[in-house]
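The values are calculated or read from the model by the stated rules, or taken from the named source; none is laboratory data. Computed from a predicted model, the values in this text were never measured in an experiment. Neighbour counts run over all protein chains shown; Cβ positions are idealised from the backbone, glycine included. Calculation scope for accessible area: heavy atoms of the full protein, side chains included, ligands and nucleic acids excluded. Shrake-Rupley method; radii C 1.70, N 1.55, O 1.52, S 1.80 Å.
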Amino acid sequence: MIPGKIIRFLEQYANVAFAGTRDRDLVPYGHRVCGWSVGADQRTMTAFIPEEFRPKLIESLQENGELAVTVEEFPSHETYQFKGRYIRDRDVLHDDVEIVDRIRRRFVRSLRPLMAHAPEEALNAFVAKPSLAVEFEVLEIYLQTPGPGAGSRLIPPIEK
Amino acid sequence: MRLTHLPPEIRPVLENGIPAVMVTCSADGTPNTTVISQVYYVDETHAALSFQFFSKTIRNVRENPRAYVCLADLRGHASWVLQLEFQRSETEGPVFDTMDMQIEAIASMTGMSGIFKLRAADIYRVLSVEKLPYPTWTGASSDDQASTGA
């Protein structure tokens with residue numbers, strides 16, 4: 001189950017994400033994620049993928065189901081990685097699009113102080129419009145915030 | 001267009017200070033996605049990645065040398081996708097020294113001094129390079145109808 005603290009991070013603070021898959025030959029592929037949501041059961045997440053990052057995604061997921069999604073808050077660098085198994089993919093719904101728009105506004109707001117002269121459309125375009133929703137079951141969560149604890153598994157907790 | 005070398009126009013992207021994303025895969029088939037602060041141009045067919053604390057990535061590329069890197073090119077309105085193959089790790093020499101200085105500069109700019117610390121420069125062979133232009137920005141998505149998926 002995804003802890004409440006991490007759900008709040010995902011829903012209120014995180015502003016950038018990326019997904020990783022691999023094919024049958026163990027060649028890794030990346031897919032920009034323009035938005036995300038947590039299932040009501042707190043065990044699943046949905047990642048929204050823009051059109052240009054769809055190649056290799058569904059064929060890899062249908063072949064082996066392995067998915068890793070890293071979600072970060074920039075510029076604080078608080079970061080978590082969610083590893084899990086593909087459940088299904090579906091068309092993007094209107095509510096999904098609104099989630100992506102909220103995340104885009106968060107991202108642009110966070111980047112603006114560092115890129116004061118960047119054109120608004122360039123920053124907005126970084127968080128592309130979603131083309132596909134991928135639902136997956138979260139099996140493991142890792143802390144990836146830079147520092148000594150980076151890489152430690154949070155869920156399921158490591159038994160002492 | 002897919003290239004097999006690093007073109008000159010990618011060099012400013014490597015130096016733009018925007019973190020890149022790296023995907024690797026363990027020998028048992030589990031992908032791993034991580035943010036990396038620096039991709040360093042070695043020559044047309046080699047790049048170096050900073051080895052700081054992402055130990056799962058370090059383990060993965062030693063088990064399975066293939067790696068995927070995505071760079072953000074906000075000025076060029078594009079993502080750059082690199083397919084790489086791990087070759088060796090360097091803990092001294094000109095590549096290591098230059099990366100060490102750059103890491104320190106990035107750390108001080110982002111308030112991460114004392115946390116970012118270069119442990120090694122990992123050298124990768126470039127297998128392919130692809131530029132993916134961002135779609136033209138036409139306003140917030142929710143102004144449009146939701147797009148269709150698969």
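Based on DSSP H runs of at least 4 residues, each adding -39500 (n - 2.57), what is the mean residue ellipticity at 222 nm of chain A after dividing by all its residues, to the nearest 500 deg cm²/dmol? Mind dumping the intermediate values first?
Details: 4 runs with 38 residues, N = 160.
Calculated mean residue ellipticity at 222 nm is -7000 deg cm²/dmol.
Need one number: buried accessible surface between chains B and A, 1.4 Å probe, both sides summed, DNA, RNA and ligands left out, in Å² to 100.
Looking at B and A, the buried total is near 3900 Å².
Report Rg (one decimal) and Dmax (nearest whole number) for the protein assembly as shown, counting Cα atoms only, units Å.
Using the Cα atoms of the protein assembly as shown, the pair Rg, Dmax is 18.2, 55 Å.
Tell me, how many Å apart are the Cα centres for region A:115-151 and for region B:1-40?
After rounding, the separation between the Cα centres reads 15 Å.
Per-residue HN-Hα couplings for region A:154-160, Karplus 6.51 cos²θ - 1.76 cosθ + 1.60 at θ = phi - 60°, whole Hz, x for Gly and Pro?
Each residue's phi maps through the Karplus curve to give 9, 9, x, x, 6, 6, 8 Hz.
Could you pull out every residue, at least 5 positions away or on a different chain, whose amide H is within less than 5 Å of the one on B:Gln87? Hs are placed 1.01 Å off N in the peptide plane, and Pro or chain starts have none.
Result for B:Gln87 returns B:Ile123, B:Tyr124, B:Arg125.
For peptide B:79-86, how many partner chain Cβ atoms fall within 10 Å of a residue's Cβ, on average?
2
Over the whole of B:97-106, what's the average partner chain Cβ count within 10 Å per residue? Rounded to a whole number, please.
0
With all distinct Cα pairs included, what does the Kirkwood hydrodynamic radius of region B:1-115 come out to in Å, to one decimal, could you say?
After inverting the mean inverse Cα-Cα distance, the result is 14.9 Å.
Would you grab the residues whose amide H sits under 5 Å from the one on A:Val92? Only those 5+ places off in sequence or on another chain, please, with H modelled 1.01 Å from N.
A:Ala133, B:Gly149
Roughly how crowded by other chains is peptide B:31-43, in terms of the mean Cβ count from those chains within 10 Å of each of its Cβ atoms?
5
Search the structure for amide H atoms under 5 Å from the amide H of A:Val33, placed 1.01 Å from N in the peptide plane, and list their residues when 5 or more places away or on another chain.
HN-HN under 5 Å from A:Val33: A:Ala17, A:Phe18, A:Ala19.
Show me, for region A:67-78, the HN-Hα J-couplings you get by feeding each phi into the Karplus relation (A = 6.51, B = -1.76, C = 1.60, θ = phi - 60°), rounded to Hz, glycine and proline as x.
Rounded to whole hertz, the list is 9, 10, 10, 9, 10, 10, 9, 9, x, 5, 6, 4.
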